[in-house]
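Here the structure comes first, spelled out in structure tokens, and everything after it is commentary.
All of the numbers you see were taken from the coordinates with simple rules; none came from a lab. This structure is a prediction, so every number in the text was calculated from the model and none was measured. Cβ coordinates were reconstructed from backbone atoms using ideal geometry, including for glycine residues, and neighbour counts include every protein chain displayed.
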Amino acid sequence: RFSTFNGGLVAYLKGKLVADVKDDAWAYYLFHELPEENKEEYIMPVKGSIIKEFAMEKLVYSETLGMWKTHPGIDIKAELGECVKSASDGTVKLVGQDSFYGNIIKILDSNGYTFVYSNLDSGIELKQGDKVNKGEIIGIVGVSATGELADETHLHFEILKNETQINPQDLITHE
């Protein structure tokens with residue numbers, strides 16, 4: 001939903017401000033890029049409570065680093081060794097290691113969303129180019145995220161569209 005505010009447009013998705021638009025070109029781009037309600041159903045990759053929320057516009061305190069920083073995804077509490085499921089059908093774009101978030105898998109879906117699963121165990125069997133189905137087990141929760149070691153055991157989960165971070169809670173439609 002778009003509204004006018006202070007001479008520009010603001011865009012809302014599920015009641016949350018997602019963009020402050022100052023010109024018509026950006027308004028057109030955002031209007032066509034925002035997901036439609038119930039266009040696609042995405043699932044939570046693990047069952048558990050969110051212990052650290054998405055925070056790209058505010059700072060959250062990192063116990064591990066002892067400093068305030070942004071948080072580009074959500075941390076979902078999970079037991080060590082718990083199975084991680086793909087939130088969507090898609091193609092594996094990357095299986096690798098990140099110096100901060102540990103072992104990661106990136107999956108691209110047909111709507112152009114990239115799903116990033118981090119803090120995984122090292123026993124990942126997927127490889128780049130593999131096709132996955134929504135709900136398919138893609139890995140298990142580990143403790144590989146050195147940047148989040150002081151936190152409870154969890155899956156770090158991100159969603160990007162056109163290289164822009166999106167709050168996963170805005171797209172996940174059911175558990």
Subject >> Label-to-label distance, nm, for residues given as Lys93 and Ala150 (7 Å Cα→Cβ offset) >> reply: 3.2 nm
**OP:** May I ask for the percentage of alpha-carbon pairs in the range 105-153 that lie more than 12 Å from each other?
**Re:** 68 percent
Subject >> Semi-axis lengths, Å, the range 72-175, gyration tensor of Cα atoms, sqrt of 5 times eigenvalues >> reply: 19, 15, 13
**OP:** Provide, as a two-decimal number, the C-alpha radius of gyration of the range 31-133 over 2.2 N^0.38 Å, N being how many residues it has.
**Re:** 1.16
**OP:** For the range 42-102, would you read off the P(r) tail past 18 Å as a percentage of all alpha carbon pairs?
**Re:** 50 percent
